[in-house]
1. Given the protein chains as shown and a 1.4 Å probe, how many square angstrom of E56 are accessible, to the nearest 10?
2. Can you compute the helix-only [θ] at 222 nm over the chain? Use -39500 (n - 2.57) per DSSP H run of at least 4 residues, normalise by all residues, nearest 500 deg cm²/dmol.
3. Using the beta-carbon distance between S37 and E4 and R0 = 35 Å, what value does 1/(1 + (r/R0)^6) give for FRET efficiency, to the nearest 0.05?
4. Taking the Cα atoms only, what angle lies between the long axis of helix 29-47 and the longest principal axis of the chain, rounded to 10 degrees?
5. Charges on Cβ only, +1 for Lys and Arg, -1 for Asp and Glu, centred on the Cα centroid of the chain; of S28, T59, T43, which one is farthest towards the dipole's positive end?
6. May I ask which residue of A19, N8, L69 lies farthest towards the positive end of the charge dipole of the chain, with charges of +1 (Lys, Arg) and -1 (Asp, Glu) on Cβ and the Cα centre as origin?
7. In square nanometres, what is one fourth of the surface area of the convex hull spanned by the alpha carbons of the chain?
8. Could you give the dipole magnitude of the chain about its Cα centre, charging the beta-carbon of Lys and Arg +1 and that of Asp and Glu -1, in debye to the nearest 20?
Amino acid sequence: MSDERPINPDVDFQAGLLAAKVARRVMSLDAAARELSDWQAETLSAERGDRWRAVEPRTLIVTHMMNRLLKRGY
């Protein structure tokens, strides 16, 4: 059964920023995934509800990186 709740737009935005840092080799994917995981945990606990679904940080960051490459035409 799939989770139909949306991803928190703030988490998605943060993943995009981290993806850019990983792509520019400013930080490693492991470090970016840890940062997004921590940030997401804080956001989910502050919400006190089931409005947003949790995402796997590494997958979301890589998705942003791939989307950026595809937009460039690679």
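The values are calculated or read from the model by the stated rules, or taken from the named source; none is laboratory data. Note that the structure is predicted; figures quoted are calculated from it, not measured. When we count neighbours, we look across all protein chains shown, and the Cβ atoms used for this are built from the backbone with ideal geometry, even at glycine. Side chains are part of the model used for accessible areas, which takes the heavy atoms of the whole protein and leaves out ligands, DNA and RNA. Shrake-Rupley method; radii C 1.70, N 1.55, O 1.52, S 1.80 Å.
1. 100
2. Working: 3 runs with 50 residues, N = 74.
Roughly -22500 deg cm²/dmol at 222 nm, from the helical runs in the chain.
3. Values: r = 22 Å, r/R0 = 0.64.
Computed FRET efficiency for S37 and E4: 0.95.
4. Around 20 degrees separate the two axes.
5. S28
6. The residue sitting most towards the positive pole is L69.
7. Values: hull surface 22.2 nm².
Averaging across all directions leaves 5.5 nm² for the Cα convex hull.
8. Values: 12 positive and 11 negative charges, 105 e Å.
It works out to roughly 500 debye.
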